[in-house]
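**Q** First, the structure itself, so that you have it in front of you.
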């Protein structure tokens, strides 16, 4: 597998978007065109093996070295250009998740660990005991973000509450707020976004069949992918 938009150049694994631990970058060593990250974690490293995939803020990387309560990953040039990894420094907090084990419960949604784009937090407002986030996103991400669908922000599986022309809204419950890096996210912060793989695949197939123009955004205002289109092309 070639170096994907979000990182792991060696393996393709599946995640759920349920954060296991908030780790801390202890070293960010810049090399010729790449980056070696050392991340401290409470995930038992004795349960890891070299070559295991680990999502760091939603980007899939391969564990290339293991230590007591820490691991190392290499970040390639493509990942450096598409993620925040190049901005990590000692003390940076990151969301961590190991790859989904076969037979395990799927509590979030299918996440590949391939960052599609960067988003920008536009609003953070508290509503009751939850926090509502408004995130500005590129048009191709909005195209694949239906209301009540799933999206991943910094490796966290979230439900989309509303979709606008160039942004979407999610709500963060107290459990997620206290166990991820979202509690420290301020307005203006950039975040990793991964769209739902099913929506992405359906859109690509429809474009390949000529049902959807390859360059024309499918927005909520235009009706998006309708039930009629899906039935006509044998998806339902």
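**Q** Would it be correct to say that residue 139 is without any contact (Cβ under 8 Å) to a residue 24 or more places away in the chain, out of contact with any strand residue (DSSP E or B) (no Cβ under 9 Å at 6 or more places or on another chain) and not assigned by TED's automatic domain parsing to the domain that holds residue 14? Write out each step before concluding.
**A** Details: without any contact (Cβ under 8 Å) to a residue 24 or more places away in the chain: no; out of contact with any strand residue (DSSP E or B) (no Cβ under 9 Å at 6 or more places or on another chain): yes; not assigned by TED's automatic domain parsing to the domain that holds residue 14: yes.
Criteria not met by residue 139.
**Q** Further question: Please work out which one of (1) under 24 Å from residue 177 (Cα atoms); (2) in contact with a helix residue (DSSP H, G or I) (Cβ under 9 Å, 6 or more places away or on another chain) is the condition residue 58 fails and give its number.
**A** (2)
**Q** So which residues in region 35-58 are closer than 20 Å to residue 116 by Cβ and modelled with pLDDT of 95 or more?
**A** Residues satisfying the conditions are 54, 55, 56, 57, 58.
**Q** Return yes or no: is residue 233 surrounded by fewer than 20 Cβ atoms within 10 Å (Cβ to Cβ) and at pLDDT 75 or above?
**A** no
**Q** Another question about this same structure. Considering 208, 190, which residue is in contact with a strand residue (DSSP E or B) (Cβ under 9 Å, 6 or more places away or on another chain), at pLDDT 60 or above and not assigned by TED's automatic domain parsing to the domain that holds residue 59?
**A** Details: 208 fails: in contact with a strand residue (DSSP E or B) (Cβ under 9 Å, 6 or more places away or on another chain).
One residue alone meets the criteria, 190.
**Q** Could I ask something else about it? Among the residues of region 1-34, which ones are modelled with pLDDT of 85 or more and more than 24 Å from residue 156 (Cβ to Cβ)?
**A** Within region 1-34, 27, 29, 30, 31, 32, 33, 34 qualify.
**Q** Given the conditions (1) modelled with pLDDT under 85; (2) surrounded by 15 or more Cβ atoms within 10 Å (Cβ to Cβ), report the number of the one that residue 201 does not fulfil.
**A** Answer for residue 201: the failing condition is (2).
**Q** Hey, among the residues in region 100-139 that are over 13 Å from the mean Cα position of the chain (by Cα) and at pLDDT below 90, which one's surrounded by the most Cβ atoms within 10 Å (Cβ to Cβ)?
**A** By that ranking, first place goes to 100.
The values are calculated or read from the model by the stated rules, or taken from the named source; none is laboratory data. All values reported here derive from a predicted model rather than from experimental measurement. Note that each Cβ is placed from the backbone with ideal geometry, even for glycine, and that neighbours are counted across all protein chains shown.
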